[in-house]
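Since the structure comes first, as structure tokens, the remarks are kept for the end.
The values are calculated or read from the model by the stated rules, or taken from the named source; none is laboratory data. Bear in mind the structure is a predicted one, so any value in this text is a computation, not a measurement. Because the Cβ atoms are built from the backbone with ideal geometry, glycine has one as well, and the counts that use them run over all protein chains shown. Quick note on the areas: whole protein, heavy atoms, side chains included, nothing else; ligands and nucleic acids left out. Shrake-Rupley method; radii C 1.70, N 1.55, O 1.52, S 1.80 Å.
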Amino acid sequence: MVEPLPITRRRFLSSHKSLVTVFWIAAFASLFIWQSRGRGGGGGGASLYRVNGSLSSVFWWTATTTTTSSADAGEFPRLRPVSFNLTDFGAVGDGVTVNTEAFERAVYAISKLSKKGGGQLNVPPGRWLTAPFNLTSFMTLFLAEDAEILAVQDETLWPLLPPLPSYGYGREHYGPRYGSFIHGQNLKDVVVTGNNGSINGQGVYWWKKYRSKLLNHTRGPLVQIMWSSDVVFANITLRDSPFWTLHPYDCKNVTITNMTILAPVFEAPNTDGIDPDSCEDMLIENSYISVGDDGIAIKSGWDQYGTNYGRPSKNILIRNLIIRSMVSAGISIGSEMSGGVSNITVENILIWSSRRGVRIKTAPGRGGYVRDITFRNVTLDELRVGIVVKTDYNEHPDGGFNPQAFPVLENINYTGIYGQGVRVPVRMQGSKEIPVKNVTFRDMSVGITYKKKHIFQCAYVQGRVIGTIFPAPCENLDRYDEQEQLVKQSDSQNATDIDYEI
């Protein structure tokens, strides 16, 4: 039963519900047009040369493309001085032949062209089965329409790599970890793009083995780029990753645009969509993500290993996304954030049919900080919990962490938060050791589905509300009017009304 509202509030929510409906129709119509054009004579998705451009709304998919039609499999856009077709190296796209050698030979050929501006590898229509392979600098990997790169379903063909230095151990097991399906280290100027071709990790094989405890090492991501700069992912589909899907690690100047990232919303464990990890100067925009874990999870290392590694994630802009996450959150920060996370802007986001909306998660022992975070123009549609801060996410790599290493959470802003069908709009659980400081709420109206008093829940939260918001805020927060003049100062910043039974 929906909680009764004042007449003016009901009218506002009714109009907003209509707006959400229009948003949905337009968004999915745009998605349909984009997919259709990607298969037709004009090509779909936004221009590769606009990936750093400013797009003002989520209706991006009908932008004009610079690529040529792929109706003729022999036609590819020329994005590098030299280009190769995968078939030049003996590859067979029948979904059965293993083409690892062909990919490796092609990448090796491009690696010799760095002084000439690099090279482009064109993957024509077909199902191209391969073991994991590496990319090289000054390379463009272009996937044609109906091209699909398939991962082999045999972990003995996946390389073992050392644990990430900011994690200390594999995320699931001590010792080495499986490498990613498509991998790169110490690279510069790498582009992975196409005409909506796809990279398929065939993750069911890995998920079943993981649940049956038949793996001795941490599963590998679908795509992982490490210690690299000037990286672009655009206009392709990533699906069914064994583990995290797209994992940029300690990278600078990364653009991810016009992507579709998919995994089953249930029974696909840890298939995060995009995990920026100790990354700087990054843009994620204009994409659709529906996966079995967090849609996006910003990270920077795990406990003492992340603190010692000391590489924060910072200067990240996330905008114009539609996200679904039935078992986790649309967008998360943490819980591995020991190197610090700062200057993050999340705007123009629709999170639908998900467990949680936007979340910050950490714990004693993490150390580090999460500061200067802005969530703006976020729509929440049919969620269990909308806004979450959790400070007792007690999962550690080993016993060597410092339990007195308390993270700092401060300067977090929520502006323009709307929605409907949300069970608990806000749950901000600070603690005496990890208070949440300088939080601001402004322009918020979220329709609720559960008749309870404490649906805006806080514990050890200090901050302010500007103007009128719905639902009514917790008593921890100061009240300001629309002109930002103090109306009432809270004397209950340490009050606690967290209720996980709701």
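Before moving on, here are some points about what is shown:
- The stretch 471-496, residues that are open to solvent by less than 40 Å² (accessible area, probe 1.4 Å) and not in a strand (DSSP E or B): 471, 473, 474, 476, 477, 490, 492, 495
- Residue check for residue 496: among the hydroxyl-bearing types (Ser, Thr, Tyr) and out of contact with any Lys or Arg (no Cβ under 7 Å at 6 or more places or on another chain): yes
- Any strands (runs of 3 or more DSSP E) falling wholly within the stretch 309-426 and containing at least 3 residues that are surrounded by fewer than 24 Cβ atoms within 10 Å (Cβ to Cβ) and not aliphatic (A, V, I, L, M): 313-325, 341-361, 369-390
- When residue 257 is tested against (1) closer than 24 Å to residue 170 by Cβ; (2) under 14 Å from the mean Cα position of the chain (by Cα), just one condition goes unmet, and that condition is (1).
- Residue within the stretch 111-132 that is without any contact (Cβ under 8 Å) to a residue 40 or more places away in the chain, surrounded by 21 or more Cβ atoms within 10 Å (Cβ to Cβ) and touching a Lys or Arg at 6+ places or on another chain (Cβ under 6 Å) present: yes
- In the stretch 438-450, the residues that are closer than 25 Å to residue 383 by Cα and either among the acidic types (Asp, Glu) or assigned to a strand (DSSP E or B) (or both): 439, 440, 441, 442, 443, 444, 445, 446, 447, 448
- Test for residue 100: is it of a type in the set (Val, Ile, Thr), at pLDDT 95 or above and closer than 22 Å to residue 237 by Cα: yes
- Residue count, the stretch 76-95 (criterion: surrounded by fewer than 14 Cβ atoms within 10 Å (Cβ to Cβ) and within 16 Å of residue 150 (Cβ to Cβ)): 2
- Taking the conditions (1) among the aromatic types (Phe, Trp, Tyr); (2) within 15 Å of residue 270 (Cα to Cα); (3) in contact with a strand residue (DSSP E or B) (Cβ under 7 Å, 6 or more places away or on another chain); (4) free of Cβ contacts under 8 Å to residues at least 60 places away in the same chain in turn, residue 178 satisfies each one other than (4).
- Among the residues making up the stretch 451-463, a single one is under 18 Å from residue 411 (Cα atoms) and either in a loop (DSSP other than H, G, I, E, B) or open to solvent by 70 Å² or more (accessible area, probe 1.4 Å) (or both): 460.
- Note on the stretch 271-308: among residues that are of a type in the set (S, T, N, Q) and either without any contact (Cβ under 8 Å) to a residue 40 or more places away in the chain or surrounded by fewer than 24 Cβ atoms within 10 Å (Cβ to Cβ) (or both), the one that is farthest from residue 231 (Cα to Cα) is 304.
- Residue in the stretch 138-191 that is most open to solvent (accessible area, probe 1.4 Å), counting only those that are assigned to a strand (DSSP E or B) and within 30 Å of residue 399 (Cβ to Cβ): 160
Condition check ((1) touching a Pro at 6+ places or on another chain (Cβ under 9 Å); (2) modelled with pLDDT under 95; (3) of a type in the set (S, T, N, Q)) across all residues:
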{"position": "356", "(1), (2), (3)": "no, no, no"}
{"position": "368", "(1), (2), (3)": "yes, no, no"}
{"position": "378", "(1), (2), (3)": "no, no, no"}
{"position": "386", "(1), (2), (3)": "yes, no, no"}
{"position": "421", "(1), (2), (3)": "no, no, no"}
{"position": "428", "(1), (2), (3)": "no, no, no"}
{"position": "449", "(1), (2), (3)": "no, yes, yes"}
{"position": "454", "(1), (2), (3)": "no, yes, no"}
